[in-house]
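Input: a single structure, listed below in structure tokens.
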């Protein structure tokens, strides 16, 4: 029936041209808006990052030497700390969120009774605002309240201290310590002002972020799992593969594209993270949880260092582009 | 403070005032407003004056002093010229007491210019930083309000005066006799190159050391009229020996740490050497500065263990509740004690070593270049600077008037102490509140202080600050 009705509706040759024209015309406004409000403003920010704008009133003259602002930026101890924090946060967060997402997805894939309920429970935090998550987890990880009351009452914190695992008491949020230092391992990094280790205060933030977004990773994996046909599993079972082998050798490799997409989507979220950290720990003790976003706001709107703020924003853009652009190129090739 | 007949009268007065100014857009805590209303026996008087003004033509009726009887002020007119239709005032006073205080000044203004509808363009949040960002956008876009709130000192200069957004107020100051009404330390802060640019309204003191009375008593510590740095450390040692954190700090607020540092700097250096830092960056290399930083570092050994998790008010609460001995904070902390009902538990003294000085954190209002309603804007400033409006505003905001010729007898015990001291002490600016240094240097000191709290290296701290001050002076 469908074939019968579409035939008379076939477009006459004359208006085909109109059809081809209508798409660009409809797209034009948004393209123009994008050109101005995205690329135009990126360009403006690049210019400001190369300028002498260091007060409340704009100064568009270019700095001499041209890249002096970037030079200053990378020699600012706080910004070095921010870059370290961003990278540490992103790595830890991706490992935890994607790992937990995969685990939940594989478990829920068993289709046990109530699995739908669990799926929704895991996905629900994704609907919350980062601000809500940040405030709630700040209370949970407060060194004197929240989970520490529980741990103190149950004697878990006491036990941890007794067996020499004091640092594993969940009082990290206000702990300025940084575990490890890559500067002592890799030569040539000794010029850095900041200790290249894992800031303990970052751990609660990673947990909060993973709590919120592992449900998203799980949903991605569940969608991926549903596309793997049952025939493949059956064939593997017939060949005598154990359950573990099926996952290890077949299912997980087949999920690789999902893993890459999830990593990229979550990766750019975590590189740009601001609201969660701002609500949860702020800059943290000794900038242990400071990120470029907070640095940009403070430099630009509090210190009136528009040049430095813009340069930091461009560095952040570059970091995100480093992840996004290869992904875009790859998906273009797939088209 | 609340007398029933007075409050009753004021409810009526307030209702009329609200009708008159239809465009009040503030989230006012009306209960607070009414509760404290008897302090404004003034308002009904102002109302009568405004009714008189409403009957005749506004421009022909200069209303002298609408509220109360000023102490020794020349009766300069508060309304000059023909008012325009509206007045837009920009501030970050949006919460409880401060919003109510602002409404007092609005009421005083309306009393003199009843036909003018007031647009309250207050922006909430971030202790003014959100408002400053919003204002910056408006000023850059040429959309100035008729007047905006500004701190004094370097913030005023670098944000507003240097870019050319503000009009000089020399004539207004002469006309209103303000050069005599405000003390020299304040005049210095509100002027750029000797020219006044802002009318100060409320005055908070930054160098106050609050302490828990019961804790001092039970540990045999006597706090006198003043306290030296040595006396302070002696007391701190006693408290520490008793297992009590001597100093409560809200390290989650960077400004609180900076404030502890600047108060200690002032207490060690004295007013003259402290003020010398702002004009000559090389002074940061003096021995006095090193001694001050060492004292600051020593204080960090007496902190509450959860300082990194607390904000300034959480730290103040430790003192109010008796879990910590002292906290060095601006006197807005007193308002916090009052709101938590612990004000009877605390005593106060100037920060160790800083007796005879007054870290003045003053808010004021400006006159923009190209104000949409210049006549109203000038009249607004005349009102805001008047004894009556300042006396009405201060108790709500929990501060004292910026003038020294006011009658403070209606204020609470703390504010009376502060007002009496303000009349005799040397007023000095603040780093933590942006009046002593430019925003760039302020940010650099904040960042260095965050670092110092974690790794207190005296020399690194001193050099970082000096470097920032020198960079700034060079640019």
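The values are calculated or read from the model by the stated rules, or taken from the named source; none is laboratory data. Keep in mind the model is a prediction, meaning the values are calculated, not measured. Counting neighbours? That spans all protein chains shown, and the Cβs are built from the backbone with ideal geometry, glycine included.
Odds and ends about this structure:
- Within region B:145-175, the set of residues being without any contact (Cβ under 8 Å) to a residue 40 or more places away in the chain, over 21 Å from the mean Cα position of the chain (by Cα) and either within 13 Å of chain A (Cβ to nearest Cβ) or not in a helix (DSSP H, G or I) (or both) comprises B:162, B:163, B:168.
Condition check ((1) touching a strand residue (DSSP E or B) at 6+ places or on another chain (Cβ under 9 Å); (2) over 25 Å from residue B:395 (Cα atoms)) across all residues:
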| position | (1), (2) |
| --- | --- |
| B:150 | yes, no |
| B:154 | no, yes |
| B:158 | no, yes |
| B:171 | no, yes |
| B:176 | yes, no |
| B:180 | no, no |
| B:202 | yes, no |
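- Total residues in region A:141-179, condition within 16 Å of residue A:285 (Cβ to Cβ) and not in a loop (DSSP other than H, G, I, E, B): 7
- Each residue in region B:425-458 was checked for being away from chain A (no Cβ under 11 Å) and without any contact (Cβ under 8 Å) to a residue 24 or more places away in the chain, and 1 of them qualify.
- Single unsatisfied condition, residue A:284 versus (1) buried (at least 21 other Cβ atoms within 10 Å of the Cβ); (2) closer than 30 Å to residue A:61 by Cβ: (2)
- Evaluation of residue B:96 against (1) more than 14 Å from chain A (Cβ to nearest Cβ); (2) modelled with pLDDT under 90; (3) surrounded by 22 or more Cβ atoms within 10 Å (Cβ to Cβ) (one fails), failing number: (3)
Here is a yes/no grid of residues against (1) free of Cβ contacts under 8 Å to residues at least 12 places away in the same chain; (2) within 14 Å of chain B (Cβ to nearest Cβ):
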{"residue": "A:143", "(1), (2)": "no, yes"}
{"residue": "A:151", "(1), (2)": "no, no"}
{"residue": "A:171", "(1), (2)": "no, yes"}
{"residue": "A:185", "(1), (2)": "yes, no"}
{"residue": "A:197", "(1), (2)": "no, yes"}
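- Among the residues examined, residue A:310 qualifies as under 20 Å from residue A:74 (Cα atoms) and modelled with pLDDT of 95 or more.
- Region B:99-141: number of residues that are outside any helix (DSSP H, G or I) and within 14 Å of chain A (Cβ to nearest Cβ): 3
- Tally, over region A:46-77, of residues that are surrounded by 15 or more Cβ atoms within 10 Å (Cβ to Cβ), away from chain B (no Cβ under 14 Å) and either in a loop (DSSP other than H, G, I, E, B) or at pLDDT below 90 (or both): 1
- Complete set of residues in region B:253-284 that are without any contact (Cβ under 8 Å) to a residue 12 or more places away in the chain and either outside any helix (DSSP H, G or I) or crowded, with 23+ Cβ neighbours inside 10 Å (or both): B:280
- The condition of being modelled with pLDDT of 90 or more, surrounded by 22 or more Cβ atoms within 10 Å (Cβ to Cβ) and not in a helix (DSSP H, G or I) does not hold for residue B:441.
- Selection status of residue A:272, away from chain B (no Cβ under 14 Å) and either within 30 Å of residue A:55 (Cα to Cα) or surrounded by 20 or more Cβ atoms within 10 Å (Cβ to Cβ) (or both): yes
- Criterion applied to B:111, B:124 was being in contact with a helix residue (DSSP H, G or I) (Cβ under 8 Å, 6 or more places away or on another chain), closer than 17 Å to residue B:397 by Cα and in the same structural domain as residue B:92 (by TED's automatic domain parsing), and the one residue passing it is B:124.
- Residue within region B:228-241 that is within 29 Å of residue B:161 (Cβ to Cβ) and either free of Cβ contacts under 8 Å to residues at least 12 places away in the same chain or surrounded by fewer than 24 Cβ atoms within 10 Å (Cβ to Cβ) (or both) present: no
- Of the residues making up region B:189-218, those that are free of Cβ contacts under 8 Å to residues at least 60 places away in the same chain and either assigned by TED's automatic domain parsing to the domain that holds residue B:256 or assigned to a helix (DSSP H, G or I) (or both) are B:217, B:218.
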